[in-house]
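I have placed the structure first, in the form of structure tokens, so that the comments after it can refer back to it.
The values are calculated or read from the model by the stated rules, or taken from the named source; none is laboratory data. Computed from a predicted model, the values in this text were never measured in an experiment. Don't worry about glycine lacking a Cβ; one is built from the backbone with ideal geometry, like all the others, and counts go over all protein chains shown. Calculation scope for accessible area: heavy atoms of the full protein, side chains included, ligands and nucleic acids excluded. Shrake-Rupley method; radii C 1.70, N 1.55, O 1.52, S 1.80 Å.
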Amino acid sequence: MQPMFIMQGRVMWSFDYEMAQIAPGYKMMSGLTGIGGPLHHHRGLIALSSTELIIEGDNDEEDEFLSISLSAISELYHGYDDVYQAYSVKNAGLFWQPLRITFYSAPNQLQTIYLIVDYLGMITQNKKWYYALTEMLAED
């Protein structure tokens, strides 16, 4: 039996170490042109259940599947930072901000992922997902 999903969508994502490897000049050109959409390394589907966040890549590769327990999330942030900067996004990030999730992938091992959910030109559903996750994390 499949779990009941509270929310589902399309997602683009990158880990913090992947974003950090992108040259600043490339980030700036990406923001100026906006060709190819926002900077990201993976695409796929995202789903939220009452206990976990599931991300599955369009490729059938093992590293493109994430199951993040909500109890493993240590930080949730909606906005730009020193890794995913506003100048790397078309229109200097005026219309949307990435969703950053820091979580424990193993005991004492934190990972950070940047999500862009349901990107449609100049808008995303990141704020909607941020509020839903914030509410669910507050219940724990």
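Here is the list for the stretch 77-106: chymotrypsin sites (Phe, Trp or Tyr not before Pro) lying in DSSP coil, each with at most 13 other C-beta atoms within 10 angstrom of its C-beta, are F95. Around the Cα centre of the stretch 1-138, unit charges on the Cβ atoms of Lys, Arg, Asp and Glu (plus for the first two, minus for the last two) sum to a dipole of about 620 debye. Fully extending the segment from Q109 to T134 would add 6.8 nm, taking 0.36 nm per residue of separation and subtracting the current Cα-Cα distance. Ligands, DNA and RNA are left out, and with a 1.4 angstrom probe the accessible area of the chain is 57 Å² per residue.
Angle of helix 126-139 to the longest C-alpha principal axis of the chain, folded into 0 to 90 degrees and rounded to 10: 30°.
Within the same chain, lysines fewer than 8 places from K27 are excluded, and of the rest, those with a Cα less than 24 Å from its Cα are K90, K127. For the chain, the ratio of Cα radius of gyration to the globular rule of thumb 2.2 N^0.38 Å stands at 1.02.
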